[in-house]
Amino acid sequence: MKANEEEQRHTIVVLVDNEPGVLARVIGLFSGRGYNIDSLTVAEVDKERGLSRINIVTSGTRVVIEQIKALLAKLVPVHKVQDLTVEGPAVERELALVKVVGDRERLIQALRIADFMHARLVDSRPDSLIFEVTGTSDELDAFIALVEPVEVSRAGVVAIARGPKALVPDRG
Amino acid sequence: MPATASATETSQLTGAQVIVKALQDQGVELIFGYPGGAVLPLYDVLFQQDKIRHILVRHEQAAVHAAEGYARSTGKVGVVLVTSGPGATNTVTGLTDALMDSTPIVCLTGQVPTHMIGNDAFQEADTVGITRPCTKHNYLVKRPEDLARIIHEAFHVARSGRPGPVVVDLPKNIQTGKAPYVGPEAVRLRGYRPRREPDLARVEEAIELLLRAQRPIFYVGGGVINAGPTACTLLTELVRATGAPITLTLMGLGAYPASDPQFLGMLGMHGTYEANMAMYECDLMLAIGARFDDRVTGRLDGFSPRSKKVHVDIDPSSINKNVVVDVPIVGDAELALLAMLDCFRRRANEHDPERLTGWWRQIEKWRAVDSLRFRQESRAIKPQTAIKRLWEKTRDRDVYVTTDVGQHQMWAAQHFKFDKPMRWLTSGGLGTMGFGFPAAIGVQLAHPEATVLCISGDASFVMNMQELSTAIQYRLPVKTFILNNEYMGMVRQWQDFFHGSRRAESYMAALPDFVKLAEAFGAVGLRASRIEELDPVIDAALAADKPVIVDVVVEKMENVYPMIPGGCAHNEIKLSPEDDGPHEPISEEGMVLV
């Protein structure tokens, strides 16, 4: 095992029972072992079966990523673990709400950037604008860098594998 | 007993009755516990039945260790019952111990009523929050309709896959309110399906490597014992059929008969020279139910550098965690060993035992070093002598041994020889001082006719000596041998080796008179201070039908050898002090290791 092996960014999808404490188990696994969480999103995706989907962006060496996946799969409420970075190709999206404040000239400038970067205006005041922007994390970074906002709220990465195969729990 | 009772029969049950019924349906015979406000309804139901026996411990930590002793000597799930708040927090060390050593435990904790959770109520603690990282899984029961299913799930999770502790937190109003009963078949764990069947192609690959290896070794751990006695029998058959040497981890002792010539002894920090050298020089390592613990591997980049490695483990996260292996096999050790043995027998004509002659010649040279030797020169008792005599005098008995943690534990591992599994119970992963005595209580309750020895140290024993009261109450003739050197011996050894002999706080001042201590509780107290007193005292202890504390006054400055210092590889093993001269300083990297 090489300790100085390069760290890689991985997007990992976890299908879990939507029950109290499940997120704490997942987060505790990362914090307790010193692994990174770059982004994390959780929401119920199957009300009938009570399933939630957790999208985690993490970084680590190959060995660490394998450990993370094995440890996630070991948690009792976890149904499936999928590493989209390895099992790809996948679509990744993030949503951000971006508030820009300034004089008229500055706001017009922001509107122009929003227009060519496909951000949507969701709130407009004489001295402030709020944009909704979706895209890859890189695209969001680029937009945010250009408009120089006063406040940003990001939803975190959601991701899904391309193609007809679906991530579903085993029967039961 | 019917799996489910009819609706009319069960609709009148309280939560506490449902819990006890579920425990009965799980075949629970014994509960180790301590009552308190938040579990009074449960105790009330236990009081009114006689299928399950409750053992009152004197501290909740000891309840878990006793349950571990019961579980590890029987293969069944150990059950603990404690109250909320301090009752629950006191179990944390025991739960962590059980997690590290893969011991199946179900721990029921009382909790304040659901409507008071979060109010900082009297004896409230966030038990599921506190125990989340030290359990395999835990539950807070919030709805009566989940209660029975959760109890059954807890047992299923505790005993299946890689076993471990499961906590079920039970608010008092859940115990008092009505709850429906469902039987064990109600378990509904949709995502939890530990893999038991090994990948047969990988097994084939492993045997292929084994048939070609010139210097193979089996490296086997407690996972094989957890897999059951059949797994141990299969292991013995496979090792004998292949003619290869085998070494066992601390947790694995007994999985293969120690008296067999193919056994090289324990490996690791205080393992034998031949086991560690063979691990270093082997060309094929077959790791089964072992987890490449740092006490076993030493410095990782110097760990068995020229071998191909096969790793069989039920826990996928144990594979490639510390050491990257060539052939990973996820599965139950029994099924994997069965498949390996099948495959090996099918290809027996390809097996040439002659090719191992050179390897065994080399191993015999290492063995001739006799790395566990010691000299009983004076009248002062060497701790190793005490262990050796204890083993020799109990060889024809049905004997179980528990230990605490430190020098005495290593000497016991080195000098007490185990031919059968589940006879050796020690805190391997967590290294919990205070484990041994309550664990022995659990073993004796499970095996009333057996000889149960607790080999302890003066510092370890006082960590849970209140359990003498438990042993007396239940007339448990546990024989405790305290190797008394008036030090935390292993701490003193490390201070002498690595910290300029500055013995900071490792001297045990103001120790009790252990003979009088035993007598104060109503137990038998004995002492041996000179070598000629040792045998008579062992005989007297073994003959007693009450709990016995033997204060074995041993040579104070004896150190445990061989030793692989922190940050060193297997081939950098230190033998006894006379071969070694003064200890050279170890690397900075080694100094930070525990």
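The values are calculated or read from the model by the stated rules, or taken from the named source; none is laboratory data. As the structure is a computational prediction, the values presented were derived from the model and not from experiment. Positions of Cβ are generated from backbone atoms using ideal geometry, with glycine treated the same way; all protein chains shown enter the neighbour counts.
In table form, for the structure just shown:
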read-out: Tally of residues being surrounded by fewer than 16 Cβ atoms within 10 Å (Cβ to Cβ) and touching a helix residue (DSSP H, G or I) at 6+ places or on another chain (Cβ under 7 Å) across the range B:489-506; value: 5
read-out: The range B:113-127, residues that are surrounded by 15 or more Cβ atoms within 10 Å (Cβ to Cβ) and either under 11 Å from B:P171 (Cα atoms) or polar (S, T, N, Q) (or both); value: B:P113, B:T114, B:M116, B:I117, B:Q123, B:E124, B:T127
read-out: Lone qualifier among B:I151, B:I207, B:I217 - being among the aliphatic types (A, V, I, L, M) and in the same structural domain as B:I117 (by TED's automatic domain parsing); value: B:I151
read-out: Criterion (under 28 Å from the mean Cα position of the chain (by Cα) and part of a helix (DSSP H, G or I)) met by exactly one of B:R475, B:R492; value: B:R492
read-out: Test: residue in the range B:378-396 that is in the same structural domain as B:D458 (by TED's automatic domain parsing), of a type in the set (F, W, Y) and at pLDDT 95 or above; value: yes
read-out: Filtered residues of the range B:142-168 (kept if in contact with a helix residue (DSSP H, G or I) (Cβ under 7 Å, 6 or more places away or on another chain) and either away from chain A (no Cβ under 11 Å) or without any contact (Cβ under 8 Å) to a residue 60 or more places away in the chain (or both)); value: B:K142, B:P144, B:L147, B:A148, B:R149, B:I151, B:H152, B:P163, B:P165, B:V167, B:V168
read-out: First in the range B:23-40 and in contact (Cβ under 8 Å) with a residue 60 or more places away in the chain and outside the structural domain of B:A440 (by TED's automatic domain parsing), second anywhere and surrounded by fewer than 20 Cβ atoms within 10 Å (Cβ to Cβ) and part of a helix (DSSP H, G or I), Cβ under 6 Å, 6 or more apart; value: B:D25/B:P184
read-out: Within the range B:25-75, tally of residues that are assigned to a loop (DSSP other than H, G, I, E, B) and touching a strand residue (DSSP E or B) at 6+ places or on another chain (Cβ under 9 Å); value: 9
read-out: Residue match in the range A:103-117 (condition: surrounded by fewer than 21 Cβ atoms within 10 Å (Cβ to Cβ), away from chain B (no Cβ under 14 Å) and under 22 Å from the mean Cα position of the chain (by Cα)); value: yes
read-out: Residue check for B:T402: of a type in the set (S, T, N, Q), more than 20 Å from B:T272 (Cβ to Cβ) and part of a strand (DSSP E or B); value: yes
read-out: Candidates A:T61, A:T41 - the one that is surrounded by 16 or more Cβ atoms within 10 Å (Cβ to Cβ) and closer than 27 Å to A:V152 by Cβ; value: A:T41
read-out: Some residue of the range B:464-482 being surrounded by 18 or more Cβ atoms within 10 Å (Cβ to Cβ) and without any contact (Cβ under 8 Å) to a residue 24 or more places away in the chain; value: no
read-out: Answer from B:F437, B:F344 - the residue that is crowded, with 24+ Cβ neighbours inside 10 Å, among the aromatic types (F, W, Y) and outside the structural domain of B:A62 (by TED's automatic domain parsing); value: B:F437
read-out: Considering residues of the range B:190-203 that are away from chain A (no Cβ under 14 Å) and surrounded by fewer than 16 Cβ atoms within 10 Å (Cβ to Cβ) only, the residue nearest to B:A333 (Cα to Cα); value: B:E197
read-out: Test for B:R159: is it closer than 22 Å to B:G87 by Cα and under 25 Å from the mean Cα position of the chain (by Cα); value: no
read-out: Those residues of the range B:532-550 which are among the β-branched types (V, I, T) and in contact (Cβ under 8 Å) with a residue 40 or more places away in the chain, in sequence order; value: B:I538, B:V548, B:I549, B:V550
read-out: Residue within the range A:12-35 that is more than 13 Å from chain B (Cβ to nearest Cβ), at pLDDT 95 or above and surrounded by fewer than 16 Cβ atoms within 10 Å (Cβ to Cβ) present; value: no
read-out: Neighbours by Cβ (under 8 Å, 6+ apart or cross-chain): first from the range A:62-85, touching a residue at least 40 places away in the same chain (Cβ under 8 Å) and more than 9 Å from every other protein chain (Cβ to nearest Cβ); second in a helix (DSSP H, G or I) and basic (K, R); value: A:V81/A:K69; A:D83/A:K69
read-out: Candidates B:R345, B:R375, B:R397, filtered to the one that is more than 14 Å from chain A (Cβ to nearest Cβ) and either among the β-branched types (V, I, T) or touching a Ser or Thr at 6+ places or on another chain (Cβ under 6 Å) (or both); value: B:R397
read-out: Hits in the range B:107-136 (condition: touching a Phe, Trp or Tyr at 6+ places or on another chain (Cβ under 8 Å) and either without any contact (Cβ under 8 Å) to a residue 40 or more places away in the chain or more than 14 Å from chain A (Cβ to nearest Cβ) (or both)); value: B:V112
read-out: Some residue of the range A:90-97 being within 30 Å of B:D315 (Cα to Cα), away from every other protein chain (no Cβ under 14 Å) and surrounded by fewer than 18 Cβ atoms within 10 Å (Cβ to Cβ); value: yes
read-out: B:S102 vs. criteria surrounded by 20 or more Cβ atoms within 10 Å (Cβ to Cβ), more than 17 Å from B:P438 (Cα to Cα) and not charged (D, E, K, R); value: yes
read-out: Only one of B:Y219, B:Y192 that is within 28 Å of the chain's Cα centre (by Cα), assigned to a loop (DSSP other than H, G, I, E, B) and of a type in the set (F, W, Y); value: B:Y192
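Every residue, every condition in (1) outside any strand (DSSP E or B); (2) surrounded by fewer than 24 Cβ atoms within 10 Å (Cβ to Cβ); (3) within 11 Å of another protein chain (Cβ to nearest Cβ); (4) not charged (D, E, K, R), yes or no:
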{"site": "B:A287", "(1), (2), (3), (4)": "no, no, no, yes"}
{"site": "B:A290", "(1), (2), (3), (4)": "yes, no, no, yes"}
{"site": "B:R306", "(1), (2), (3), (4)": "yes, yes, no, no"}
{"site": "B:H311", "(1), (2), (3), (4)": "no, no, no, yes"}
{"site": "B:K321", "(1), (2), (3), (4)": "yes, yes, yes, no"}
{"site": "B:A339", "(1), (2), (3), (4)": "yes, yes, no, yes"}
